[in-house]
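Before any comments, here is the structure.
The values are calculated or read from the model by the stated rules, or taken from the named source; none is laboratory data. Quick caveat: nothing in here was measured; it's all calculated off a predicted structure. All Cβ positions, even for glycine, are placed from backbone atoms using ideal geometry, and neighbour counts span all protein chains on display.
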Amino acid sequence: MSKQTATILVVEDDTALNDAYKMILGTVSNHTVVTAFNGQEALDAIAKMGKDPDIILLDLNMPVMSGVEFLREFKPADRPDCTVIVFSNYDAHKDIDEAHALGVERYILKARIAPKDLVHLVDGINEEKTQQA
């Protein structure tokens, strides 16, 4: 049986990291990866998709609209089919606590996760979602 692929929205203001995550998750795991460089672009991308992505990898510290501002607009607690993972090197506890209160399931420090571990994490979340469906 072939594995189900997910639609992943990567919200990251660093172009090189955005490209790397797109390659790792798109090429290695064959997921559909959409990228945005700030929270406003993420909201626009979701509107253009016409549905919520399965998984959002969200940086917190971005220009135009931060990750927390995105979360306040997106309201992940009201969107049970979308898993939001804060994926950042920004470790302000106030923002992390607010992100969890808004419905974020996990917070991961970018500097501490290897690409293969990121793939494993995303694939595991996607597999859980597929089994629950």
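Summary table
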quantity	calculated
Those residues of the stretch 13-51 which are within 22 Å of Asp95 (Cβ to Cβ), among the acidic types (Asp, Glu) and modelled with pLDDT under 95, in sequence order	Asp13, Asp14
Every pair of residues 6+ apart whose Cβ atoms lie under 6 Å, when the first sits in the stretch 97-124 and is in contact (Cβ under 8 Å) with a residue 60 or more places away in the chain while the second is surrounded by fewer than 16 Cβ atoms within 10 Å (Cβ to Cβ)	Lys110/Asn89; Val119/Val28
Count of residues meeting criterion [in contact with a Cys (Cβ under 6 Å, 6 or more places away or on another chain) and hydroxyl-bearing (Ser, Thr, Tyr)] in the stretch 29-68	0
Odd one out for Leu17, checked against (1) crowded, with 17+ Cβ neighbours inside 10 Å; (2) of a type in the set (A, V, I, L, M); (3) over 21 Å from Glu98 (Cα atoms); (4) touching a residue at least 60 places away in the same chain (Cβ under 8 Å)	(1)
Subset of the stretch 20-52 that is touching a residue at least 60 places away in the same chain (Cβ under 8 Å) and of a type in the set (Ser, Thr, Tyr) - its residue that is farthest from Val86 (Cα to Cα)	Ser29
Any chance Asp81 is of a type in the set (Asp, Glu), under 19 Å from Glu128 (Cβ atoms) and under 14 Å from the mean Cα position of the chain (by Cα)	yes
Answer residue from the stretch 79-133, given it is exposed (fewer than 15 other Cβ atoms within 10 Å of the Cβ) and among the β-branched types (Val, Ile, Thr) and is farthest from Leu17 (Cα to Cα) among those	Thr130
